[in-house]
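The values are calculated or read from the model by the stated rules, or taken from the named source; none is laboratory data. Predicted model only: the values in this text are computed from it and were never measured. Ideal geometry is used to build each Cβ from the backbone, glycine not excepted, and the neighbour counts take in all protein chains shown.
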Amino acid sequence: MESRSREPAGTYVVSDIDELRALLDSKRVVILRMLAEESLTVKQLADRMGLVPASVHYHVKVLERSGLVALVEVKEKSGILEKYYRSIAREFQVDPSLGSTPEAPGLALDALIRDMRSAVNHLQQIDEADPFINVQLVNVNLSRDEAARFAVRLHELAAEFRVADEPSAREAYSLALALYPCAPRLTRHAGEEDNAGDGEERCDEPPRD
């Protein structure tokens, strides 16, 4: 039967909006990582991920249409065709120029929201009295240059988190980092009175006893 021996490239740069759309899904990221290690069928992927084959088949087809995975082998077993897929690369990097396209910011934030909703569902299903979770949400006024400086530090933190992977660990954690524009905070100008003590609590200070 059909066979195409293909070892994944080291790194692939995602430079197309359709590729980015396919990449921005936590399940598809897991699939890409698994297929970077070895060629697998949809059934094998589904068994290892604990998902139904129909769901995994959908995600694999999205990745195949976008060119991020390829059909590398077809075997016949008991009259059934087994299709083996492989990732085209071991690591995927997003071309920074995609950030200037109109769809990219919305796609990235949508992916982040979907992943967090999936995490909430997971927490509701597991029997753990005190799960470890740390959430920080901060809104400040910054210049674009200063925001870019923080973005570099976030990228470094994400890289550090990625290499800390412990395959033998029983638990798994996601690190969600997002730096994005929002409505500017109102700031006091010189000479204006601070009304924080008149019963109103400022959002950037802890409540007073």
Is one or more of the residues making up segment 61-69 of a type outside the set (Phe, Trp, Tyr), surrounded by 13 or more Cβ atoms within 10 Å (Cβ to Cβ), assigned to a loop (DSSP other than H, G, I, E, B) and touching a strand residue (DSSP E or B) at 6+ places or on another chain (Cβ under 9 Å)? yes
Just for segment 85-108: of the residues that are in a strand (DSSP E or B) and of a type in the set (A, V, I, L, M, F, W, C), which one is surrounded by the most Cβ atoms within 10 Å (Cβ to Cβ)? 92
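Look through 139, 121, 134 and report the one residue that is over 25 Å from residue 18 (Cα atoms) and touching a Cys at 6+ places or on another chain (Cβ under 8 Å). Walk me through it before giving the result.
On the way: 121 fails: touching a Cys at 6+ places or on another chain (Cβ under 8 Å); 134 fails: touching a Cys at 6+ places or on another chain (Cβ under 8 Å).
None of the other options fit; the residue is 139.
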Quick one: in segment 33-47, which of the residues that are acidic (Asp, Glu) and part of a helix (DSSP H, G or I) is surrounded by the fewest Cβ atoms within 10 Å (Cβ to Cβ)? 37
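Against the condition surrounded by fewer than 17 Cβ atoms within 10 Å (Cβ to Cβ) and out of contact with any Asp or Glu (no Cβ under 8 Å at 6 or more places or on another chain), how does residue 82 come out, does it pass?
On the way: surrounded by fewer than 17 Cβ atoms within 10 Å (Cβ to Cβ): yes; out of contact with any Asp or Glu (no Cβ under 8 Å at 6 or more places or on another chain): no.
Here the answer is no, as residue 82 does not meet what is asked.
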When you check residue 50 against the structure, is it of a type outside the set (Lys, Arg), on the phi > 0 side of the Ramachandran plot and loosely packed, with under 14 Cβ neighbours inside 10 Å, yes or no? yes
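Does residue 196 satisfy the criteria of being at pLDDT below 85, more than 30 Å from residue 30 (Cβ to Cβ), out of contact with any Cys (no Cβ under 7 Å at 6 or more places or on another chain) and part of a loop (DSSP other than H, G, I, E, B)? Spell out the reasoning first.
Working: at pLDDT below 85: yes; more than 30 Å from residue 30 (Cβ to Cβ): yes; out of contact with any Cys (no Cβ under 7 Å at 6 or more places or on another chain): yes; part of a loop (DSSP other than H, G, I, E, B): yes.
The answer is yes for residue 196.
Do we have residue 142 as over 23 Å from residue 12 (Cα atoms), hydrophobic (A, V, I, L, M, F, W, C), exposed (fewer than 12 other Cβ atoms within 10 Å of the Cβ) and over 15 Å from the mean Cα position of the chain (by Cα) here?
no
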